[in-house]
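Each value in this text was obtained by applying a stated rule to the coordinates, not by laboratory testing. Because the structure is a prediction, the values reported are computed rather than measured. Using ideal geometry, Cβ is built from the backbone for each residue, glycine included, and neighbour counts are taken over all protein chains shown.
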Amino acid sequence: MLAKVNTISNIGLDCRPVVVEADMSNGLPGFIVVGMANKAVDEAKERVRSAIKNSNLNLPPRKITLNLAPADLPKNGSGFDLAMAVSLLLASKQINSVGKKAVFLGELGLDGSTRSIPGALSSAQACLEHGFDELYISESVARQAALVEGISVYAVTSLFQLYRHLIGEVKIIPLPNTRIKPTKISAEVDLCEIYGQEQAKRAIELAASGNHNILLTGPPGSGKSMLAKSLIGILPEPSYEESLEITKIHSLSGQTTEEIISYRPYRSPHHTASSVALIGGGQWPKPGEISLAHRGILFLDELPEFARNVLEVLRQPLEEGKVTISRANSTQSYPARFLLVAAQNPCPCGYAGDQESVCSCSPSMINKYSTKVSGPLLDRLDLVIKVDRVKKAHLINATKSESSENVKKRVQKARNIQSNRFKTDKISTNNEMSNKHIEKYCILNQDAKNLMEQAINNLKLSARAYMRVLKVGRTIADMDESDSIKTQHIAEALQYRS
């Protein structure tokens with residue numbers, strides 16, 4: 001008998017429907033899987049065989065052929081196990097029928113229990129897009145899939161439980177669709193814990209308000225890492241749609257089975273990370289650090305210590321907000337709309353220009369160190385801040401500065417202004433503005449134009465740098481609740497250019 005069961009092939013964010021066809025015929029007992037399946041899928045026949053046996057069900061000693069259609073679509077992962085088992089039960093007439101719009105997705109253990117799979121949220125959305133109305137999925141990721149409205153999600157704990165449901169003996173109750181509110185998380189470092197550095201704190205607030213990339217440069221112990229860690233505490237909580245985007249990427253990477261990630265991610269890869277680790281890749285492309293930092297922060301400490309070719313891969317994502325990974329098997333695009341925070345020392349020893357310590361580096365060493373980060377990459381950074389060592393008197397007689405909670409309120413107010421401005425533009429922050437948006441929203445008066453003209457000539461600003469100064473100026477104006485960009489806003493924005 002021939003049986004057909006629906007499932008989903010999850011390759012990156014691109015999910016495609018797959019039909020598992022099971023055929024049992026006379027001949028020597030055997031089990032073969034066809035349909036461009038990789039090693040993990042081919043091994044499923046052993047897992048499925050044991051799961052059926054240990055669930056007190058029968059697998060007839062016949063010639064079994066499983067086809068995963070369409071045959072030209074690569075199949076990867078262990079998520080096909082559940083559909084394969086159901087198709088065999090259907091072909092052997094242990095189950096009479098399954099719904100034509102039902103999808104089965106999950107990995108099976110040898111005892112018949114289900115295990116988590118990556119990409120549950122993407123798979124559930126794909127079911128909805130392709131007209132399916134029921135999804136039977138591993139219990140550990142079922143609540144994540146239930147975030148998608150318009151589809152009934154059934155949490156399957158074991159193959160035997162699913163078998164009893166399909167024969168009508170004990171029904172599984174579908175999970176309710178619920179919206180989870182954003183979670184407030186306390187930052188590792190509060191701004192009030194950082195002594196001095198008022199200009200740097202102002203720049204951090206500005207970066208959070210407009211989602212501007214920032215570079216902190218200064219000697220060791222000046223507070224660069226603390227400033228970077230404090231930034232996550234002043235960013236507003238993500239919207240529900242942003243939380244879904246974050247959860248989808250982290251679920252796809254297999255790093256979470258949480259129902260939903262309702263906080264902004266903070267990623268801090270070590271400087272020994274490879275370009276593949278940063279942008280993603282592999283034989284079956286997976287998201288890298290820049291995609292896992294989507295809608296959050298990517299912190300690169302000791303920026304010049306990263307390999308130059310690793311840093312250069314950031315140039316395109318910083319401009320476009322996404323990364324495209326091409327491999328022989330497939331080409332995948334992942335979102336990468338992150339806030340880049342970078343920190344570096346001024347020289348190899350760290351004390352060039354420091355008033356209290358003597359630099360031991362030669363001019364050639366300093367020059368070589370400074371050129372490790374290319375000009376095109378620096379040109380894409382909106383804010384460059386020199387973080388000087390905090391003076392001893394300030395440390396001893398320090399007064400408590402403003403808390404992150406108060407700063408966060410101002411950041412939220414500036415973000416609300418931007419959100420209202422860009423309602424019809426499909427962007428959310430000033431840093432995402434294209435040239436047409438800049439022409440529309442960044443209109444300068446004559447005095448501001450004259451100042452920009454002098455800056456272009458004196459600072460040798462590129463066209464990209466000019467546009468970025470306008471974006472920062474727009475954010476400063478929003479922080480002042482000003483409709484127009486004034487001369488003082490442009491003057492402050494120019495101070496942040498290296």
Where labels lie 7 Å past Cα in the beta-carbon direction, separation of Lys436 and Glu188 in nm
4.1
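Calculate, for Asp447 and Lys368, the FRET efficiency according to 1/(1 + (r/R0)^6) with r their C-beta to C-beta distance and R0 45 Å; round to the nearest 0.05. Before the final figure, lay out the partial values.
Details: r = 42 Å, r/R0 = 0.92.
Rounded to the nearest 0.05, the efficiency is 0.60.
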In whole Hz, with x marking every Gly and Pro, tabulate ³J(HN,Hα) for region 77-86 from phi via Karplus 6.51 cos²θ - 1.76 cosθ + 1.60, θ = phi - 60°.
x, 9, x, 7, 3, 5, 5, 5, 5, 5
Karplus 3J(HN,Hα) series, Hz, for region 33-40 with 6.51 cos²θ - 1.76 cosθ + 1.60 (x for Gly, Pro)
10, 10, x, 6, 8, 8, 4, 4
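Tell me, what is the FRET efficiency for Gln316 and Glu129 to the nearest 0.05, using R0 = 22 angstrom and their Cβ-Cβ distance as r? Mind dumping the intermediate values first?
Working: r = 28 Å, r/R0 = 1.27.
The formula returns an efficiency of 0.20 here.
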Within a 10 angstrom radius of the beta carbon, how do Asp447, Asp190, Asp81, Asp478 rank from fewest other beta carbons to most?
Asp447, Asp190, Asp478, Asp81
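Once you have the Cα-Cα distance between Ser25 and Leu459, take 0.36 nm times their residue separation minus that, and quote the gain in nm to one decimal.
On the way: separation 434, 0.36 × 434 = 156.24 nm, distance 7.83 nm.
Separation in residues times 0.36 nm, less the Cα-Cα distance, equals 148.4 nm.
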Counting only residues 5 or more apart in sequence or on a different chain, those whose built amide H sits under 5 Å from that of Gly280 are Gly288, Glu289
Pop out the ³J(HN,Hα) list for region 263-269 in order, Karplus 6.51 cos²θ - 1.76 cosθ + 1.60 with θ = phi - 60°, rounded to Hz; leave Gly and Pro as x.
9, 7, x, 10, 10, 9, x
Here are some pairs, Lys39/Lys101; Lys229/Lys386; Lys413/Lys471; which of them have Cα atoms lying more than 21 Å apart in this structure?
Lys39/Lys101
Length gained if Ser482 through Thr272 is fully extended, taking 0.36 nm per residue and subtracting the Cα-Cα distance, is 71.2 nm
Debye intensity ratio in log₁₀ form over the Cα atoms of region 191-401, taken at each q of 0.10, 0.14, 0.15, 0.16 Å⁻¹
-0.47, -0.88, -0.98, -1.09
Determine which residues of region 417-456 fall in the zone a paramagnetic label at Met467 would reach in this model, i.e. backbone nitrogen under 16 Å from the point 7 Å along Cα→Cβ.
427-443
Going by how many other Cβ atoms sit within 10 Å of their own, how do Phe80, Phe299 line up, fewest first?
Phe299, Phe80
For Lys53, go through the aspartates and glutamates and keep the ones whose alpha-carbon is under 17 Å away, minus same-chain ones fewer than eight residues off.
Glu43, Asp81, Glu107, Asp111
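Just from its helices, what would the mean residue ellipticity at 222 nm be for the chain, if runs of 4 or more DSSP H residues each count -39500 (n - 2.57) and the sum is divided by every residue, rounded to the nearest 500 deg cm²/dmol? Walk me through the numbers on the way to the answer.
Details: 21 runs with 188 residues, N = 498.
After summing the helix terms and dividing by the residues of the chain, the value is -10500 deg cm²/dmol.
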Using modelled backbone amide H atoms (1.01 Å from N, in-plane), which distant-in-sequence or interchain residues come within less than 5 Å of Val323's amide H?
Tyr334, Ala336
At q = 0.20, 0.21 Å⁻¹, work out log10 I(q)/I(0) for region 356-422 with the Debye formula, treating every Cα as an identical point scatterer and leaving solvent out; two decimals please.
-1.01, -1.03
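Can you check what the Kirkwood hydrodynamic radius comes to for the chain, Cα pairs only, in Å to one decimal?
Numbers: mean 1/r = 0.0392 Å⁻¹.
Taking the inverse mean of 1/r over all distinct Cα pairs, the chain comes out at 25.5 Å.
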Report the relative contact order of the chain, percent, no decimals, based on alpha-carbon pairs under 8 angstrom and at least 6 residues apart.
13
All-pairs Cα distance distribution in region 372-498, expressed in whole percent, bin size 10 Å:
11, 36, 32, 18, 4, 0
Taking alpha-carbon centroids only, region 104-159 lies from region 242-272 a number of Å equal to 19
Give the separation of the Cα centroids, region 202-234 to region 322-337, in Å.
29
Separation in nanometres of the label points that stand 7 Å from Cα toward Cβ, at Arg179 and Asp111:
4.0
Inter-centroid distance (Cα atoms) of region 395-460 relative to region 273-299, Å
28
Given R₀ = 60 Å, FRET efficiency for Thr65-Lys392 by Cβ-Cβ distance, to 0.05?
0.15
Given all pairs of distinct Cα atoms, region 2-166 yields a Kirkwood Rh in Å of 15.4
